[in-house]
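To keep things clear, I will list the structure first and then write my remarks on it.
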Amino acid sequence: MTFKVRGLCALLCCCAVLLLASCLHRDEVLAPRPVGYFRIDLPDHEYQQSDSTLPFSFQQSKHAVSDIRWQKDGSCWMDLSYPELNATFKFTWFPLANVDSLRNFIIREEEMMKFHYQKADDVEYSMIRDQEAPLWGQIYDIKGKEVATPLQFWMTDSAHQFLRATLYFNFTPNNDSLQPVIDYLREDAMQLVNTLSWKK
């Protein structure tokens with residue numbers, strides 16, 4: 001009987017020690033967790049020919065909807081909207097009167113870029129050049145968490161037509177979390193640039 005009592009006491013002591021040890025644990029070192037963003041499911045890239053009423057043609061995304069508005073001065077405004085991504089490429093097309101008007105358009109583009117330097121971390125420039133098309137232009141990749149327009153570009157045939165485009169999101173952007181969407185839309189923009197042809 002004494003042996004059983006001693007065994008029971010030993011068992012109770014072991015349980016008490018284990019319980020006490022589980023309560024007295026070392027403080028865990030807290031480390032900040034990396035910032036996470038919601039996963040954005042992007043559709044596959046699919047393209048179709050643009051609206052035939054425009055003075056130029058190109059391949060646009062099948063997921064985009066175009067809205068074309070002709071202006072009294074002969075220019076044309078076009079929105080290429082992505083409803084699922086809440087984003088829009090805003091295009092403006094101008095007929096060129098002469099070489100001076102082309103020069104003025106290019107100077108204006110450079111001046112407009114200066115407004116982005118306050119928020120931008122960096123601006124990467126890429127040239128567009130295809131003598132056979134004929135097609136010349138500039139692409140601006142504007143880097144920075146809070147820049148309003150992460151992608152802009154302009155194109156011209158240097159004689160008759162000038163086309164500019166700017167990517168906007170329909171909300172206050174956080175370009176760190178939107179980078180996959182920006183990359184996706186940039187690929188669509190490059191498809192547009194590579195397939196653009198001017199109408200005579």
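Which FRET efficiency, nearest 0.05, do N174 and N194 yield, Cβ-Cβ r, R0 30 Å? All intermediate terms of the calculation are to be shown ahead of the outcome.
Numbers: r = 30 Å, r/R0 = 0.98.
It comes out at approximately 0.50.
Using +1 at the C-beta of Lys and Arg and -1 at the C-beta of Asp and Glu, which of W154, M190, L96 has the Cα lying farthest in the positive direction of the dipole of segment 50-198?
L96
By how many nm would the segment from N104 to E187 grow when fully extended, if each residue of separation counts as 0.36 nm and the alpha-carbon distance is taken off?
Details: separation 83, 0.36 × 83 = 29.88 nm, distance 2.88 nm.
Gain on stretching N104 to E187: 27.0 nm.
We did not get these values from a lab; they are worked out from the coordinates using the rules stated. What you see is a predicted model; the values in this text were computed from it and never measured. Here Cβ is always computed from backbone atoms with ideal geometry, including for glycine, and neighbour counts include all displayed protein chains.
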